[in-house]
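Data first, discussion second: the structure below is written as structure tokens.
The values are calculated or read from the model by the stated rules, or taken from the named source; none is laboratory data. Since the structure is predicted, the reported quantities are computational estimates derived from the model, not experimental observations. Note: ideal-geometry Cβ built from the backbone for every residue, glycine included; neighbour counts use all protein chains shown.
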Amino acid sequence: MAQQIYVNLPVKDIVRTNAFFSQLGYTFNPNFSDDKATCMIITEDIFVMLLQEEFFKGFTNKEIPDTQKTSEVIVSFSAESRAAVDELVRKAVAAGATTPNEPQDMGFMYQHGFQDLDGHLWEYLYMDASALPPQ
């Protein structure tokens, strides 16, 4: 069995969060979703567990950061093309996200991202390996 990754993030409103990410085209595993958590499927081995804040607090003794003031993580994913990066960000903004930064074009890599409804930072990047600078 391949190793799986589960990223866990606290959210204020699980229903609103589910609707937001559904608008971006993500689907959810109903076996690991209820009124306290939802399991967003990224790939067959990568998942994001979006946990209602009170439920999330049961897994840690640390405070949940105020994502309007601090960043706890930037969740980054590769995309198939520059157009796919731009389309995901466009969908996120249409669903209520903001874009804290302009797109970055480094020649071999293009990236852009958004801040979701709970202030989490998401970044999508397209890398053209043929355009990498020589070593």
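Quick notes on this one:
- The criterion of at least 3 residues that are more than 15 Å from ASN8 (Cβ to Cβ) is met, among strands (runs of 3 or more DSSP E) falling completely within region 23-135, by 74-78, 109-115, 121-127.
- So SER76, is it touching a strand residue (DSSP E or B) at 6+ places or on another chain (Cβ under 7 Å) and more than 22 Å from ALA19 (Cα to Cα): no
- Applying the criterion of being surrounded by fewer than 18 Cβ atoms within 10 Å (Cβ to Cβ) and touching a residue at least 40 places away in the same chain (Cβ under 8 Å) to the residues of region 83-100, the residue that is farthest from THR17 (Cα to Cα) is ALA84.
- Screening ALA95 on (1) touching a strand residue (DSSP E or B) at 6+ places or on another chain (Cβ under 6 Å); (2) closer than 30 Å to GLN52 by Cβ; (3) small (Gly, Ala, Ser) shows it passes everything except condition (1).
- Just so you know, in region 45-67 the residues that are surrounded by fewer than 14 Cβ atoms within 10 Å (Cβ to Cβ) and within 16 Å of the chain's Cα centre (by Cα) include one that is farthest from ALA92 (Cα to Cα), and it is ASP45.
- No other residue among PRO103, PRO10 is in contact with a strand residue (DSSP E or B) (Cβ under 7 Å, 6 or more places away or on another chain), under 29 Å from ALA131 (Cβ atoms) and touching a residue at least 12 places away in the same chain (Cβ under 8 Å) apart from PRO103.
- Residue match in region 9-24 (condition: out of contact with any Gly (no Cβ under 9 Å at 6 or more places or on another chain), surrounded by 13 or more Cβ atoms within 10 Å (Cβ to Cβ), farther than 17 Å from GLN115 by Cα and modelled with pLDDT of 95 or more): no
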